[in-house]
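Written out below as structure tokens is the structure these notes cover.
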Amino acid sequence: MRRIALVLVLIAAGTARADAPHAEYRRLRDTPHVGVPFNLDLLVEGFDETPQPTIPRLEIPDAQVTFVTAQPDITRGVQMTNGRRTDFVQVTWVLRWQVEPRKEGRLRIPSSTVSQGDKRATATGGEIPVDTIATTDAMKLSLALPQRPIFVGETVPVTLTWLFRAEPQGELHWAVPLMAMDAFTVSGPPAGTSRKALVFPAGGKELQLPYTVDETSEGGVSYNRLTATFFLAPRRSGKIDVPASTVVAALPTGRTDWFGNAPGRLFRASDVARTLEVKPVPETDKPNNFAGAVGDQFSIAVTTSRSVVKLGEPVELAVKIKSNQRLDTLALGRLDGEGGLPRDKFTVPAEPPTGELADDGKTKTFKVVAQVTGPATEVPALAFSYFDPTRAAYQTIHSEPIALSVAGGSVVGAGDVVAARPSAGGPSAGAGSQARPAGGDAVLDGALVDAELALSAAGHDDDRPLGGAALWLVLALLYAIPIAVLIARSYQLRTQSQREDAAEVRAARRRVEELLDRAATAPAREVAGPLVAALRDVARILGHAVTIDGRSESTRGGIDERSESTGGGAEGRAPPGIAGLLARLETESFSPHAAAAPLSPDLRSDAAGLLRRWVVEARRTRKSRAARGAAVIVVGLGLGLGGASQAAATAAEPAPTGPMQLTGNASARKAAFARAAAAFGDAARAMPGRPELLTDWGNAALGAGDVATAALAYRRALAIDGGNPRARHNLAWLRSRQSDAFRPAEGGATDALLFFHAWPRSRKLLTSAAAFALAILLLVPWSGRRRRGFVGLAILPLAVWIAMLASVVIEDRRPDDAVVMDDVVLRAADSAGAPTALPQPLPRGVEVTVLERRDMWTKIRLAGGIAGWVPAGAVERIAQ
């Protein structure tokens with residue numbers, strides 16, 4: 001036992017050490033050199049992805065230390081062990097400093113403690129040898145930075161030039177601190193047709209820059225010139241110190257051998273440290289649609305996917321921005337703001353679009369799906385504002401307007417719908433007609449659509465399926481009352497003969513007790529005969545057998561006594577109790593002194609003891625039979641209620657009233673519908689579980705042209721009451737307007753046959769309970785025995801009971817279903833720069849299935865089977 005305990009302690013200690021945070025410095029591949037910066041990485045394991053750990057202050061004697069970056073290295077994987085899947089995430093934080101040694105010798109790295117909340121990890125220090133690399137006039141390095149102040153968001157080119165006289169041997173070692181600084185966003189030009197590229201360490205990534213090599217002369221000396229260009233965009237303002245850049249190369253020295261190889265030696269060339277001034281863009285005269293673009297030359301062009309649309313349909317806009325500089329960081333502001341699309345005629349997604357960068361990096365295209373919600377004749381000229389650093393002023397340019405033909409006149413989306421006012425004459429067909437008439441038809445301005453968009457009848461907004469304590473009470477009564485009736489009636493019939501026997505036993509016992517009392521004083525001859533007859537009556541009633549003159553008088557079978565006849569007619573051998581007692585009574589009644597003396601006390605005591613023993617055994621027999629009967633009833637009850645309780649356990653159940661009137665102004669109608677949709681939405685969130693209220697919310701949203709909210713409201717209504725006719729009809733109408741790739745599959749003949757699958761769960765439970773109650777009542781033996789006809793009729797409600805419970809148990813609540821709330825691009829990975837999975841953005845209102853959530857992205861699957869990633873805020877789950 002001690003060994004087992006020791007092993008468990010060691011395992012627990014090993015597990016604790018494995019889970020504890022751990023930090024260590026990454027081993028260097030090469031020996032550092034004086035004046036040549038190198039990267040010192042501190043690796044920390046056991047921390048969380050967020051937040052960023054506290055950066056310790058690192059001070060190294062005889063060296064200049066600059067903190068570069070802190071980034072998490074996240075590894076996600078799946079491990080299968082004995083058929084069980086385990087998802088794991090391993091996070092390693094990489095803290096990087098740039099260290100530039102100042103003298104030759106040994107560089108002492110101190111111990112460092114990193115903390116994240118209440119987690120701490122300490123890396124042990126050490127020493128690193130440092131060598132000196134000589135400089136030479138055969139190499140020169142320069143970094144061309146702007147000579148003027150630059151602005152936050154501006155992209156400027158930076159040119160790296162390296163002059164060298166002899167061809168270098170081996171690998172080049174570059175150290176450009178500017179590329180790894182958090183204050184800048186660094187990007188490279190497209191590779192183009194050139195296959196030659198240099199690799200530069202740039203923080204947590206590597207930057208590949210194409211380069212050119214030519215010849216030049218400087219000071220009368222000829223050099224080979226290597227030129228590479230990258231782009232810099234500052235993230236913050238202020239005066240930023242830029243450390244010197246360095247290149248280390250092995251240059252040939254001495255004479256060549258027979259094979260043309262010369263001995264090499266490492267040399268270094270360095271630039272000079274400088275300070276770059278970064279200014280923020282001015283707040284004065286900043287346009288409202290300014291989104292951070294900085295440059296001296298921009299152009300904007302807009303195209304549409306089509307020029308003829310119907311009111312309520314989407315139209316895709318392609319906004320193309322061109323510039324004379326790279327546009328990696330360019331963003332586009334909201335198109336429904338100042339200088340954009342009118343909000344009373346167009347609706348655009350709330351999320352800013354993600355642009356697609358062209359190969360040259362100087363053209364960026366933003367695709368936006370706008371829904372036409374009002375009468376429009378054109379896509380107006382869109383404004384684009386930028387800050388010109390050369391002029392130190394804001395500039396605004398405009399696209400060309402595009403003619404647009406909107407069919408449908410004043411029809412909004414699926415049509416304008418209003419609530420009803422009481423009307424004696426019924427609905428009219430004019431502009432003042434009402435949307436809540438007796439027939440409930442949706443009335444449009446001159447057009448009738450196939451959508452049933454009338455609001456619910458007055459007073460029905462608060463309707464909801466029965467649930468909570470009331471539902472459980474009704475279910476309990478429907479199950480308990482029939483079972484109680486069955487138990488009571490069955491018990492009454494089963495114990496009828498026992499009750500009759502009990503009365504007879506009590507009378508016979510009282511007779512025996514009276515005779516025993518008389519036997520104490522009366523002569524034995526007068527009492528013995530009646531006492532024998534009374535004992536035989538008790539034995540007969542209780543089922544004991546007594547043999548008289550060779551024949552056995554037997555009743556219902558003895559408990560543990562049996563009589564056995566003997567062949568000569570003499571009295572057989574009865575059980576010792578009754579046979580011996582009766583023989584003694586008869587013998588004493590014929591004794592000479594029986595006429596004057598009473599029965600002996602021993603004989604009276606034996607008779608009383610035998611009576612008591614029979615009574616106790618009879619009571620024990622009745623109790624065992626009653627226990628068996630109760631067990632059968634309890635088992636039946638458990639089988640009857642087991643399925644119901646299991647099904648019910650999975651079925652936990654958890655507005656404005658004023659009418660909206662049609663007006664002649666479509667914009668005013670849409671605004672009224674939008675206000676009504678907002679009010680219905682607030683009411684639905686405040687009072688969940690009401691399908692009629694959710695359907696009204698969907699109708700108002702559809703009247704306002706918000707198909708996404710309408711689809712979400714209809715799906716939530718059907719999740720509560722799958723048979724709601726308005727929600728089913730309108731959702732089918734919305735789906736009919738979608739393409740086949742986005743439209744969910746319709747139900748077939750199976751759904752039509754199993755129609756009750758669409759019922760609310762409370763209705764299924766109540767129906768199953770009522771069917772169970774009817775079946776049990778048909779099985780009750782009302783007339784003293786079960787009639788075969790009633791038993792046969794009980795099969796039908798039992799089948800209904802089983803079908804309802806099965807429907808509740810196997811019901812798929814589809815908790816991962818969701819609705820796309822904004823027009824969004826479906827991408828192949830969880831990144832804004834990932835390629836698109838579909839050629840066109842997903843329209844609002846498309847029903848999808850959520851597969852995975854990762855940080856700010858969500859993976860979804862369309863009805864057609866296509867899967868991809870969208871921003872997390874672009875979809876909303878149906879399940880609340």
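The calculated FRET efficiency for LEU477 paired with VAL809, based on their beta-carbon distance and R0 = 30 Å, is about 0.85. In this simple spin-label approximation, GLU338 and GLU206 carry label points 7 Å from Cα along the Cα→Cβ vector, and these lie 4.8 nm apart. Note on LYS279/ALA829: beta-carbon distance plugged into 1/(1 + (r/R0)^6) with R0 of 45 Å gives a FRET efficiency of 0.80. Only protein heavy atoms count here; on that basis, with a 1.4 Å probe, TRP472 has an accessible area of about 120 Å².
Here THR132 and LEU838 are evaluated by their C-beta separation; at R0 = 45 Å the FRET efficiency comes out at 0.15. Taking every Cα-Cα distance in segment 311-379 and sorting them into 5 Å bins starting at zero, the pair-distance distribution P(r) comes out as 4, 17, 25, 21, 14, 11, 6, 3 percent.
Calculation over all alpha carbon pairs of segment 831-880 in 5 angstrom steps from 0 returns a P(r) of 5, 18, 34, 29, 11, 2, 0 percent. MET856 contributes an accessible area of around 140 Å² to the protein surface, as traced by a 1.4 Å probe with all chains present. Each of THR390 and HIS593 was given a label point 7 Å from its Cα along the Cα-to-Cβ line. The distance between the two points is 15.3 nm. Okay, which of segment 32-48 sit inside 15 Å, backbone N to the point 7 Å along the Cα-Cβ direction of GLU24? Residues passing the 15 Å test: 41-46. The label-point distance for GLN297 and SER222, in a model that sets each label 7 Å from Cα toward Cβ, rounds to 3.6 nm.
Within the full protein context, the accessible area of ASP296 is estimated at about 70 Å² for a probe radius of 1.4 Å.
Positive-end ranking of LEU862, ALA828, VAL850 along the dipole of segment 815-880, with charges on Cβ about the Cα centre, is headed by ALA828.
The values are calculated or read from the model by the stated rules, or taken from the named source; none is laboratory data. Just so we're clear, the structure is a prediction, and the values are computed from it rather than from any experiment. Note that we place each Cβ from the backbone using ideal geometry, even for glycine, and neighbour counts take in every protein chain shown. Note: accessible area is taken over every heavy atom of the protein model, side chains too, but ligands, DNA and RNA are not part of it. Shrake-Rupley method; radii C 1.70, N 1.55, O 1.52, S 1.80 Å.
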